[in-house]
Amino acid sequence: MNEHEQQQPAARRGKVLEALARAERKVFTRPAPKSAKAQMEFLYTQAKRSTKALAERLGVSTRTVQRYRAGKLTTPQKRLQAALVEETESQWQPQVRARAREQASTSSGMMVEVTAYFGFTCSGSSDDGRIRTITTPISPTYVKQILELQEAGATEEDLHPIVAEAITESYFTEWGTRADGLRADFTHVQSISFQF
């Protein structure tokens with residue numbers, strides 16, 4: 001087995017974190033590089049032309065980086081391909097992403113669509129927990145908290161309570177106009193998407 005084949009498995013992000021990343025990709029004004037060579041060149045530039053730094057970031061050897069940049073390798077294995085896409089898209093058009101995040105956290109908020117198991121606690125009576133599909137806006141206050149947690153390296157479990165609180169406020173209590181004291185939690189997320 002060569003060093004190209006001995007790569008570590010890619011870390012999986014949770015569904016909420018992945019949904020936030022997808023929402024950011026949708027605000028790009030130009031498509032991110034698609035080929036392994038173009039992605040490698042872009043990331044090489046972002047790494048201040050340091051082959052060693054880029055190799056460490058991707059979890060490959062410096063020789064592998066050089067081969068992709070030279071066009072000698074063109075089809076990365078799944079783990080490297082996922083890392084190239086992830087790294088490229090996380091660094092692509094930072095100003096466009098920053099503007100979208102700023103606008104969402106100060107004025108426009110975000111839309112969320114989630115299919116998950118919602119359970120409730122309340123001072124009165126409430127429906128039993130069940131799988132629901134909910135589409136609702138999230139206020140800028142909650143968007144700011146969610147994005148700050150994401151930037152601070154929050155885990156999926158760290159984000160669930162704040163996202164559930166945001167959904168409770170807008171969907172279940174209609175911004176505090178009904179169901180006073182209701183608290184919803186969600187688990188078993190089947191799908192989730194955000195839109196700036």
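The values are calculated or read from the model by the stated rules, or taken from the named source; none is laboratory data. As the structure is a prediction and not an experimental result, all values here were calculated from the model. Methodologically, a virtual Cβ is constructed for each residue, glycine included, from the backbone with ideal geometry; neighbour enumeration extends over all protein chains shown. The protein model used for the area step is the full one, side chains on, heavy atoms only, and it has no ligands, DNA or RNA in it. Shrake-Rupley method; radii C 1.70, N 1.55, O 1.52, S 1.80 Å.
For Glu157, the test of being open to solvent by 30 Å² or more (accessible area, probe 1.4 Å) and within 20 Å of Thr106 (Cα to Cα) is failed.
With respect to the conditions (1) free of Cβ contacts under 8 Å to residues at least 40 places away in the same chain; (2) in contact with an Asp or Glu (Cβ under 8 Å, 6 or more places away or on another chain); (3) farther than 12 Å from Pro137 by Cα, Asp158 falls short on a single one, namely (2). Taking the stretch 33-67 as the range and being under 25 Å from the mean Cα position of the chain (by Cα) and hydroxyl-bearing (Ser, Thr, Tyr) as the test, the residues that pass are Ser35, Tyr44, Thr45. Of all the numbered requirements in (1) part of a loop (DSSP other than H, G, I, E, B); (2) closer than 27 Å to Phe28 by Cβ, Ala98 misses one, and that requirement is (1).
Residue by residue through the stretch 27-69, note down the ones that are part of a loop (DSSP other than H, G, I, E, B) and either surrounded by 14 or more Cβ atoms within 10 Å (Cβ to Cβ) or in contact (Cβ under 8 Å) with a residue 12 or more places away in the chain (or both). Can you show your working first?
Going through the stretch 27-69, the residues part of a loop (DSSP other than H, G, I, E, B) turn out to be 27-35, 47-50, 59-61.
Hits for the stretch 27-69 are Val27, Phe28, Thr29, Arg30, Ala32, Pro33, Ser35, Ala47, Ser50, Gly59, Val60, Ser61.
When the stretch 86-97 is limited to residues that are of a type in the set (S, T, N, Q) and touching a Phe, Trp or Tyr at 6+ places or on another chain (Cβ under 9 Å), the one that is least open to solvent (accessible area, probe 1.4 Å) turns out to be Thr88. Scanning the stretch 70-85 for residues that are touching a residue at least 60 places away in the same chain (Cβ under 8 Å) and either surrounded by 15 or more Cβ atoms within 10 Å (Cβ to Cβ) or touching a helix residue (DSSP H, G or I) at 6+ places or on another chain (Cβ under 6 Å) (or both) returns Leu73, Arg79, Leu80, Ala82, Ala83. Within the stretch 119-140, one or more residues are among the basic types (Lys, Arg) and either surrounded by 17 or more Cβ atoms within 10 Å (Cβ to Cβ) or modelled with pLDDT of 85 or more (or both).
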